[in-house]
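The values are calculated or read from the model by the stated rules, or taken from the named source; none is laboratory data. Owing to the predicted nature of the structure, the values given are computational and were not obtained by experimental measurement. Using ideal geometry, Cβ is built from the backbone for each residue, glycine included, and neighbour counts are taken over all protein chains shown. The area values use the complete protein model at the heavy-atom level, side chains included, leaving out ligands, DNA and RNA. Shrake-Rupley method; radii C 1.70, N 1.55, O 1.52, S 1.80 Å.
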Amino acid sequence: MYSHVYTESVSAVQYSFYQEEIELAEKIGVDIARYPKETFYSRSNILGPEYMGDGASAPFDEQFPMAFGTGPFSIQDRYVTEDIPVGCHIYHELGQKFGVKTPVIDSIITLGSAMVGIDFDQTGVTLKELGIGHLDRAELLDYLENGNYKEEA
């Protein structure tokens, strides 16, 4: 995937997804790792600097030998069957709960559902299933930062 699939258009989608993540984090009151836009525009994407240090990058006009043979090799890969119904669906629900639009994330849920024939809107992990659906912003922050959990009334 990292050797052949990453393109500028895929990077643009990933960067847009990342912008939605940032907006969610800010609305909730937490922070996430910050990367400059240009970091997304290489074959190594944010994994380059994240795992190999600042400035690590594999340009689009070169192959990324470290990633040869790493897959995925099927659409039924965890990048679709786990990341979408868990990660993307939780982001979608957080967006709904905290008033953040997530059109790119929602599109990935829709496209992923069509690709594998599973309705991730219906089968995705929910905030309620995680036991945090009833928490307001302050309660969620207290839980995340201090481990204090308020039971559902």
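Worth a mention:
- From phi via Karplus (6.51, -1.76, 1.60), per-residue ³J(HN,Hα) for segment 118-134 in Hz, x at Gly/Pro: 10, 7, 5, 5, 8, 9, x, 5, 10, 4, 4, 4, 6, x, 10, x, 8
- Förster-model FRET efficiency, 35 Å R0, Thr81 and Asp31, C-beta, rounded to 0.05: 0.75
- Between Gln14 and Asn148, full extension at 0.36 nm per residue minus the direct alpha carbon distance yields a gain of 44.9 nm.
- Each residue, Leu111 and Asp61, gets one label point 7 Å from its Cα in the Cβ direction; the gap between the two is 2.6 nm.
- Proximal lysines relative to Lys150, as straight alpha-carbon distance under 24 Å, when same-chain residues fewer than 8 apart are discounted: Lys27, Lys97, Lys128
- Rounded to the nearest 10 Å², the accessible area of Tyr149 at probe 1.4 Å: 90
- GluC sites (Glu not before Pro) restricted to segment 104-153 and DSSP loop, no more than 16 other C-beta within 10 Å: Glu129, Glu151, Glu152
- Here Ile84 sits with roughly 10 square angstrom of accessible surface, probe radius 1.4 Å.
- Note on Leu130 and Ile118: their simple-model spin labels are 1.8 nm apart, each label 7 Å out from Cα toward Cβ.
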